[in-house]
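The values are calculated or read from the model by the stated rules, or taken from the named source; none is laboratory data. Owing to the predicted nature of the structure, the values given are computational and were not obtained by experimental measurement. Ideal geometry is used to build each Cβ from the backbone, glycine not excepted, and the neighbour counts take in all protein chains shown.
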Amino acid sequence: MRESINSVAERILFAENLEEKLRLGPRRAEDLKLGKAISVPNFPSRDESLKISSNGLRADFPGITRIENEKDRGKMLHFLANHELLAAELMALALLKFPNAPKEYRLGLYDAMREEQLHARLYIKRMKECNVALGEFPLNDFFWRITASVETELDFITRMNLTFEQANLDYSKYYAEHFKIIGDKSTATVLEKIYHDEIRHVGHGLKWFRYWKKSGQSDWDAYTEAIHFPLSATRAKGVVPFNEEARKEIGFDSEFISRLKVSQQSRGRTPIVHWFNPNAEVHVRTHATGKKLLMNRFETAIEHDLEILMASMSRRDDIVLFRTPPSLSHLEKLQRAGLELPDVISINELGKRKLGGLRPWAWSPDASEFLKPFSSMVSDKVKEKWRPSLTNSLLSKRIGYQLEENLGLIDSSRGVCKDLRTAFSYLRGGLIAYKPGYGCAGKGLRIADQRTDNLEAWLGTVIRDNGFVIAEPWVQRVQDLSVHYQKDEKNISLVGITKLINDHRGRFRGIKVAPKWSKLLSSEIAEFLFKEASFSEWYYEIIPNELGKLLGNYQGPVSIDSFVWRDGKGNLRLRHVVEVNVRMTMGRVALELQKKMAPNQWATFKIEKKDKYINKNNDLILNDPSKSREFLAVWETNRSEPN
C-alpha cells in the first residue's frame, strides 16, 4: 500500500533511525484525513547519537574563512545538515498539526519536506567525504524550540518559510560561490540545488502567507505583526550579502524587500536603546533656574535633523528611537556607503520587549523623563540602566572650571561670575569672552573689551537665566582639540583625540579625524605639545585621574576641549581645559564613524546649513535631506592625508 502524507510525516517525526527518517516517501502521496491534530512532542525522536541539545550547547561555527580546511568544512556542513534535518521534522510536524489546512497547501508542504530530506542526505554524504559524521558535534535545538510551538499555519509559514528559509536565500548562494572559489565543486553543486529549492519553498510560503494574512494588510506589516521575540525580521536575512534578486524572483513586493534590507532588529541579544537629546544644556538650565522651557527654531531643528548620529555609537542589533525616521531609500543609501545600521524605529514603536540598556546623548532631565517608562524593560544584569538626571553642575560650564581649579590651572584672569560687578571686574584692557553657564558648541558667546549698556543688559539676562557666566581672556587660538574618554565603574580610558573646526568666534563647525591623531597637527604645534607642553602626561595620566575623581559614580562618555594659543610674544601656549562635556559629543561621533566607515583613513565630519550647502565632493549626507529642516550632517573621507 502506498504511503500517505500523514504516514510519511509520522515516520520522519517519530522514527529514531536516521535512515528511516531520511527515506523518501512517494512523489505523489495520498492526503488522507488525520482527524485531530497531534500533540507536539518535546523533541523529534532520534537515536542517542543524534539527540539535539536542549541546553543551548552548540559547536563553534567555522565560518567562511576556514572552509579550506577539510575538517572545518565538514563541521560547517554538519551545521547545515542539522538545519535541514530539523526543517524536515518541523514540516512533518506541521502536516500532522494542521490536518485541516487546504489540500493544495499540504501538498506543497509535503513536497518541500521531501526536498529537506534530500538536502540533509546530500550534506551528510559530503560530510562523510570530509571525515565528519552527523552527531560528531553538538546538534542545536534552536529551530525546533522556536518553531514547534506554532499554533496556526500562518505562524508556521512566518517562522519557517519567511524567516529561516528566506535567510537561506542569502546563505546558500553566498556559500556556493565561496566553495566554487576554493575549487570544491561538489559542495557548491549541493548548495546551488538547495538555493533553487529554497526559492520554491519561500515562494510557496509567501503565497499562503498572503492567503491567511488580514485582508488589506501589507506583507511587511503582516509579517512584523506575526513575528515575535526571539525572532525578528533581521533573522529573515543572512549576515552575508543581501540577495535582492531572489526575493524579486519569488514575488516579494518592493516595500517588503526595502524594509527587510535595512531592518536590524536584534537576533537574540537584548538591544540598547539610543536617544538623541542634543539640547541637554537647555533642559538643565530650565531645571536649574525654574524658567519656562523655550527652544529656538535651530535648537528644535537639531533635535529632528541629526538623530541619525546616534547610529555612530550603536551596534547592529541596537535600537535608535527617532522623532522623524529617515526614508527607506536614505537608509539603503547609508547601508551602501558602509554604515552598519541599528534598528531604526519611531518613538512610539518600541512596544514591550526586554532591553539591554538605555543610552541617551546626555542624562539630562529630558532624557530621564522620556526614558523612564522603558526602565522596567531593561534587564537587571546590564550596566546601562535608567538613571535620574545628572546634577546641574555636571552639565554646565562649572564642571570644566572646577577641573581647572583642581589641577591648579586657574589664574586671576578668569572666573565664575554670579553678578554684574564680578563680571565687569575682568574688563582690564584686553578682550574678554563671556560664556553662559549652560550651553555648548560656542553658542551664546559674547566678546567685549569695555563696559557698555548693551553688554550690561546682555550679561544681566544671561546671569538671570543661567545663574552665572564664565569670564576668560579672548586669545589668539591656533589649534582646537577635543580629547575623548569613556568612564566605567572603575576606570576612565582615553578613546581618541580629534581636531575641532571652529569659526573665528569659537563656534563649532566640524571635526577632523586621522589614523594617527598627531598627523592632524602642524609640525610646529606637534613639537610644542609633545616636547614643551607634556601633552601625553597631561591627557593620558594627570587629567583622567583628576577627572575620574570629579565625576564620581558617573559612567559613560566624557570629553575635554582644549586649545593651543599664541601669546603676545608669539609663543605657543596650551589651555589644558576649556570645557568638560559629560555626555556624547560631535567629536566622539566622528571617532565612532571613523571606526565604522573609514578605519585607517582621514575623515571630516561637519554640520552644515541645508540652505547654503553645496555638495561638491560627493560627500555622504548622514541625515535624510528630504526630511531635514535646517541642518545636514556631512561625512567626507580621504584614503590618504589631505593636501
Review point. Considering only residues of region 1-49 that are touching an Asp or Glu at 6+ places or on another chain (Cβ under 8 Å), among the hydrophobic types (A, V, I, L, M, F, W, C) and assigned to a helix (DSSP H, G or I), which is farthest from ASN140 (Cα to Cα)?
Key: ILE5
Check your understanding: Among the listed residues VAL589, VAL634, which satisfies the condition of being in a helix (DSSP H, G or I), aliphatic (A, V, I, L, M) and under 30 Å from GLY338 (Cα atoms)?
Key -> VAL589
Review point. Any idea how many residues of region 382-404 are closer than 23 Å to ASP488 by Cβ, part of a loop (DSSP other than H, G, I, E, B) and touching a residue at least 12 places away in the same chain (Cβ under 8 Å)?
Key: 9
Exercise for review: Determine, yes or no, whether GLU165 is in the same structural domain as PHE79 (by TED's automatic domain parsing) and in contact (Cβ under 8 Å) with a residue 60 or more places away in the chain.
Suggested key: yes
Point to revise | Whichever residue in region 129-147 is at pLDDT below 90 and either aliphatic (A, V, I, L, M) or outside the structural domain of LEU50 (by TED's automatic domain parsing) (or both) and, among such residues, is farthest from ASN100 (Cα to Cα) | key: LEU139
Check your understanding: List, please: which pairs have Cβ atoms under 8 Å, are six or more places apart or on different chains, and start with a residue in region 193-222 that is under 24 Å from LYS173 (Cα atoms) and among the small types (Gly, Ala, Ser) and end with one that is part of a loop (DSSP other than H, G, I, E, B) and modelled with pLDDT under 95?
Key -> none
Practice item. Identify the single condition in (1) at pLDDT 95 or above; (2) over 21 Å from the mean Cα position of the chain (by Cα); (3) surrounded by 19 or more Cβ atoms within 10 Å (Cβ to Cβ); (4) part of a strand (DSSP E or B) that VAL578 does not satisfy, given that it satisfies every other one. Key: (1)
Study note, to complete from the structure: Filter region 296-319 for residues that are out of contact with any Phe, Trp or Tyr (no Cβ under 8 Å at 6 or more places or on another chain) and among the acidic types (Asp, Glu); the one that is modelled with the lowest pLDDT is ASP317
Exercise for review: Please work out which residue is modelled with the lowest pLDDT, limiting yourself to region 470-488 and to residues that are out of contact with any Leu (no Cβ under 8 Å at 6 or more places or on another chain) and over 30 Å from ARG421 (Cα atoms).
Suggested key: ASP488
Practice item. Keeping to region 245-261, report how many residues are over 19 Å from MET160 (Cα atoms) and not in a helix (DSSP H, G or I). Key: 1
Check your understanding: Mind checking which residues of region 349-369 are modelled with pLDDT under 95, of a type in the set (A, V, I, L, M, F, W, C) and out of contact with any strand residue (DSSP E or B) (no Cβ under 6 Å at 6 or more places or on another chain)?
Key -> LEU350
Practice item. Kindly check whether there is at least one residue in region 353-364 that is free of Cβ contacts under 8 Å to residues at least 40 places away in the same chain and loosely packed, with under 15 Cβ neighbours inside 10 Å. Key: no
Point to revise | Those residues of region 267-294 which are of a type in the set (Gly, Ala, Ser) and in contact with a helix residue (DSSP H, G or I) (Cβ under 7 Å, 6 or more places away or on another chain), in sequence order | key: ALA280, ALA288
Practice item. For VAL240, indicate whether it is within 30 Å of PRO373 (Cα to Cα) and in contact with a helix residue (DSSP H, G or I) (Cβ under 7 Å, 6 or more places away or on another chain). Key: no
Practice item. Answer yes or no as to whether GLU537 is over 21 Å from PHE508 (Cβ atoms), modelled with pLDDT of 95 or more and not in a strand (DSSP E or B). Key: yes
Review point. Tally time: how many residues in region 156-213 are β-branched (Val, Ile, Thr) and more than 19 Å from MET113 (Cβ to Cβ)?
Key: 4
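For every residue, the table says whether it meets (1) buried (at least 16 other Cβ atoms within 10 Å of the Cβ); (2) farther than 30 Å from SER364 by Cβ; (3) touching a residue at least 60 places away in the same chain (Cβ under 8 Å).
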| residue | (1), (2), (3) |
| --- | --- |
| ALA526 | no, yes, no |
| LYS531 | no, yes, no |
| TYR539 | yes, no, no |
| LEU547 | yes, no, yes |
| LEU551 | yes, no, yes |
| VAL558 | yes, no, yes |
